[in-house]
1. Return yes or no: is Asp201 acidic (Asp, Glu) and either more than 30 Å from Gly307 (Cα to Cα) or buried (at least 23 other Cβ atoms within 10 Å of the Cβ) (or both)?
2. Within region 256-278, which residues are assigned to a loop (DSSP other than H, G, I, E, B) and either surrounded by 21 or more Cβ atoms within 10 Å (Cβ to Cβ) or among the aliphatic types (A, V, I, L, M) (or both)?
3. Considering only residues of region 279-319 that are among the β-branched types (Val, Ile, Thr) and either under 26 Å from the mean Cα position of the chain (by Cα) or under 14 Å from Asn529 (Cα atoms) (or both), which is surrounded by the most Cβ atoms within 10 Å (Cβ to Cβ)?
4. Confirm whether Ala207 is under 22 Å from the mean Cα position of the chain (by Cα) and at pLDDT below 95.
5. Scan region 376-407 residue by residue and report those that are over 21 Å from Glu427 (Cα atoms) and touching a residue at least 12 places away in the same chain (Cβ under 8 Å).
6. Any residue at all in region 134-157 that's more than 14 Å from Val191 (Cα to Cα), of a type in the set (Ser, Thr, Tyr) and more than 21 Å from the chain's Cα centre (by Cα)?
7. In region 281-332, how many are among the hydrophobic types (A, V, I, L, M, F, W, C), touching a residue at least 40 places away in the same chain (Cβ under 8 Å), out of contact with any Asp or Glu (no Cβ under 9 Å at 6 or more places or on another chain) and within 13 Å of Gln349 (Cα to Cα)?
8. Please enumerate the residues belonging to region 500-549 that are among the basic types (Lys, Arg) and under 27 Å from Phe77 (Cα atoms).
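The values are calculated or read from the model by the stated rules, or taken from the named source; none is laboratory data. For clarity, every value in this text was computed on a predicted model and none was experimentally measured. Methodologically, a virtual Cβ is constructed for each residue, glycine included, from the backbone with ideal geometry; neighbour enumeration extends over all protein chains shown. Side chains are part of the model used for accessible areas, which takes the heavy atoms of the whole protein and leaves out ligands, DNA and RNA. Shrake-Rupley method; radii C 1.70, N 1.55, O 1.52, S 1.80 Å.
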Amino acid sequence: MKERKLLWVLLVMLTALFLAACTANEDAGEAPENTDTTEEGNGEDGEAAEETPDLDGKTLYINNGQEPTSFNPSVGFDQLSWDPLNNLMEGLTRLDENSEAAEGVAESWDISEDGLTYTFHIREDANWSNGDPVVAEDFVFAWKHMLDPETASAAAFLAYYIEGGEEYNSGEGSADDVNVTAIDDKTLEVVLIQPTGFFLDLLTNPAFFPINHQVAEETPDWYAEADTFVANGPFMLDSWEHDSEMIFAKNPEYWDADAVNLDYVHFSMVNNTNSQYQMFQTGELDTASIPPEMSDELIDGDNVFIGESGGLEFYRFNLTEEPFQNKKIRQAISYAINRDDIAEYVVKQGVEPAYGFVSPGFTAPDGKDFREENGDLLSFDPELAQELLEEGMQEEGYDELPPIVLTYSTSDVNQAVAETMQNMLSENLGVDVTLENQEWNVFAEAQQNLELQFSRSSFLNDYADPVNFLESFITDSYMNRTGFSSEEYDELIEKGKSETDEEQRYEYLYEAERILAEEMIAMPIRYYNVVVLEADGVEGILRHPVGYFDLKYADKTE
């Protein structure tokens, strides 16, 4: 039985690779918010890259996959935007070499005894690339811009910890209610609605980067082109040929410019794993991801970096569409999927199958890992899947199951996983599933509007706390996209944010995750990791388990 399963898994992979080759010139790819698209690129596009330019200075050549969604920190809510932004800009805090929140633009801060008021002291030598000083008003402007309902920022919920933030964003309050104050040019005061132990870590997220308020008031679309973009981070935007390449230059105005080793960073936009690997082989890229079909051959090499990544690939059920209004039918689909086989034979790259929602790497108050403590909440059980399907169909009065369409955003890996799941559901459950792929922008809008019945999703943590993923499924969350609503779940998440006793807070989060598994509104597939090829001489790139890659200390020796 095992041999037969492995055979059709391999056949699915070969079919997907053949189709990827046949569609290599289609303008398709994935630019999702919170996914595993790294600086090495991921997906399917395959158009030949422009000839890599020779730059006069120490230059790192890397790949962004495709065009950033937006360099407005409040709008580009995806890794394609926030990875490069993390090197162009800097917030009050910045993740250090140990992936802990350390001083960034702020050289120090004070926290009130009740844990509600943070007073940040901005560096006197913190400047924008045009020479303007970075001032407290730049943060006030940026954060209120993010929360402004007119901005429609998908990241706005991250600022709900700030007093008045949610009210302003929901239209029930005003900008004046947001308790962020410029005490003077170099002093910023922030008042929270409740003590939040991970607030300094939260501020490392690009959504909290400052915006030069004077530039933004004069040029509202300052972020759209290289000649109007102003940076306050290690690099500045030297040139930007949209959908083709970006060149970052060392920012001489950066307060810690002496720590920056590179003169330039050249970003390609090649959204095909095989194409960017070929560029790595020819020296056109200094880093690259490993094509899945070459994983066994390359992953144990000396020039391979393997690291943790806090994130999850999963599939959402739309509870507003048949047959997924029925919990047992949703559970049946989940029990019919062999996650071990998908991780080992399809995705490869050393990824781990997901039997819970919160990825490994979050330490509970007792010192144990969240994932270890809450255990496996799912399993592969075809017999139970059959029983649940029959019971669910009886409950709904179905003689036959309504048609099921599984939709994914186009990429070679996504296609291979979807086709493998299609075969598993046919073999283990007798359910026929139709596959549909969509270009990312179309896919994202359709999923948000609850127009997709059964669809792929992915999540990379915005900050280092397990509540970040779990809060995605509260009622009316931008990230929910399932139609799920539960007062009990919402209350657990609220307690999981506000409880000051850490042991009790984690108990609320454990229970919330168990509810997700029981309701099965989303189906985990595998956890993310980072697997990157690095050329000889490349060193110092920080790839945080939770956060965005950092080139501040990167170097390249000849």
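1. no
2. Val260, Leu262, Met269, Val270, Asn271, Asn272
3. Thr287
4. no
5. Listed by number, the residues that qualify are Asp376, Leu377, Glu395, Glu396.
6. No, region 134-157 contains no residue that is more than 14 Å from Val191 (Cα to Cα), of a type in the set (Ser, Thr, Tyr) and more than 21 Å from the chain's Cα centre (by Cα).
7. 3
8. Arg526, Arg543 - these are the residues of region 500-549 that are among the basic types (Lys, Arg) and under 27 Å from Phe77 (Cα atoms).
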